[in-house]
Amino acid sequence: MKQPQQTHGTPETRRSFDDEFKRQAVALMETGRPVRHLAKELEVKARMLYEWKRKFGASVSSTTPAPTDLGSLQEENRSLKAEVARLRQREEILKNARNPLRTRLARFHRIEGMKADYPIAQLCTVSGKR
């Protein structure tokens, strides 16, 4: 949220950032990225990043445990990719179903027309019949 602030007759805008943004910025700092580059990318002053790190640094480290092994990261990556694929498929089904699925017969015909492209269980779930 921007708040106008008057300084010597010229209006300035002062941005405020929520704690979640500050924590994410600190987490980015802790990855080893140069603070100067990060500050430019986030459009904040480097000193603000250091202040946020002093305030939120310990809590960011304790709430985000570092992954312990490559296998668990790969498994999580596979599961997230599957979830993204499922959500994209759901989105595509909803895009293709332009008319609302109001009656049973209309819903049946819509599912029949799209069953070659999508799993019937997914079509039924998206249409609200599962």
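General observations
- Around the amide H of PHE17, modelled in the peptide plane, lies no amide H under 5 Å away from a residue 5 or more places distant or on another chain.
- By average C-beta atoms within 10 angstrom, highest first, the peptides 69-79, 117-127: 117-127, 69-79
Coordinate-derived values only; no laboratory data. The structure displayed is predicted, hence computed values, not measured ones. Glycine gets a Cβ as well: all are built from the backbone with ideal geometry, and neighbour counts include every protein chain shown.
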